[in-house]
Amino acid sequence: MNWKYNGKEITEVSHFPKNTYGFVYKIEHNPSGKSYIGKKVLVHNKKVKVTKKDLLMYEGVKGRKPTHKRVSKESDWLTYYGSNKLLMELVEKEPSKNFERYIIKLAPNKKLLTYYEAQYQFIYQVLEHPDQYFNDHILGKFYTKDLESQ
């Protein structure tokens with residue numbers, strides 16, 4: 001099952017606008033009617049040690065040679081179904097036709113991605129409606145169990 005954004009299916013990173021860092025998504029489990037709202041990064045940037053082969057490029061160059069370099073790698077966004085344990089169990093057991101994946105909002109950087117994720121989780125009131133959402137916390141600070149005591 002592919003991601004849907006503005007009525008279109010997204011199957012490649014090139015389908016996103018150039019400055020897209022990640023997106024906020026909603027995954028719907030059709031049989032139960034429950035959803036999950038989360039965020040996903042499109043590309044991971046890692047800092048890795050420079051190899052001897054890399055250092056050959058700096059041969060004859062004066063000054064300090066680098067010890068690390070940045071490497072970009074596309075994330076598993078295409079096959080991703082969320083991080084919620086209950087939802088992941090359902091994804092493993094059930095056919096993909098039981099799920100719908102929607103991109104709600106695109107974000108140009110990490111900070112806005114986190115902000116938009118929390119914003120949509122509050123807009124949809126995911127903690128107040130545990131019968132409708134798999135989410136059980138927002139930002140690791142606000143939990144469903146905190147609201148049950150009221």
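Things worth noting here:
- Point-to-point label distance, PHE122-VAL13, nm (Cα→Cβ direction, 7 Å offset): 3.2 nm
- GNM result for the chain, Cα springs below 10 Å: residue of VAL61, VAL43, VAL24 fluctuating most strongly: VAL61
- For the residues THR20, THR67, THR114, a GNM of the chain with alpha-carbon springs under 10 Å puts the largest fluctuation on THR67.
- Against the criterion of solvent-accessible heavy-atom surface with a 1.4 angstrom probe, GLU59, GLU89 sort, most first, into GLU59, GLU89.
- Computed on protein heavy atoms with a 1.4 Å probe, the accessible areas place ASP131, ASP146 in the order ASP131, ASP146, largest first.
- Links that overshoot a 23 Å alpha carbon limit, given the list LYS73/LYS97; LYS46/LYS111; LYS8/LYS105; LYS4/LYS105: LYS73/LYS97
- The DSSP beta bridges internal to the chain are antiparallel in roughly 90% of cases.
- Using the rule -39500 (n - 2.57) for each DSSP H run of four or more residues, divided by the residues of the chain, the 222 nm mean residue ellipticity is -5500 deg cm²/dmol.
- Of the listed residues ARG64, ARG101, ARG70, the order by accessible area with a 1.4 Å probe, largest first, is ARG64, ARG70, ARG101.
- Rounded to 10°, Cα long-axis angle of helix 110-123 versus longest principal axis of the chain: 0 degrees
- FRET efficiency for the LYS93 to HIS44 pair, using the beta carbon distance and R₀ = 35 Å, is estimated at 0.80.
- Of (1) 1.11; (2) 1.16; (3) 0.96, the label for Rg/Rh (Cα atoms, Kirkwood Rh) derived from the coordinates: (1)
The values are calculated or read from the model by the stated rules, or taken from the named source; none is laboratory data. Owing to the predicted nature of the structure, the values given are computational and were not obtained by experimental measurement. In this analysis, Cβ positions are derived from the backbone assuming ideal geometry, glycine residues included, and neighbour counts consider all displayed protein chains. All accessible areas refer to the heavy atoms of the entire protein, side chains included, with ligands and DNA or RNA removed. Shrake-Rupley method; radii C 1.70, N 1.55, O 1.52, S 1.80 Å.
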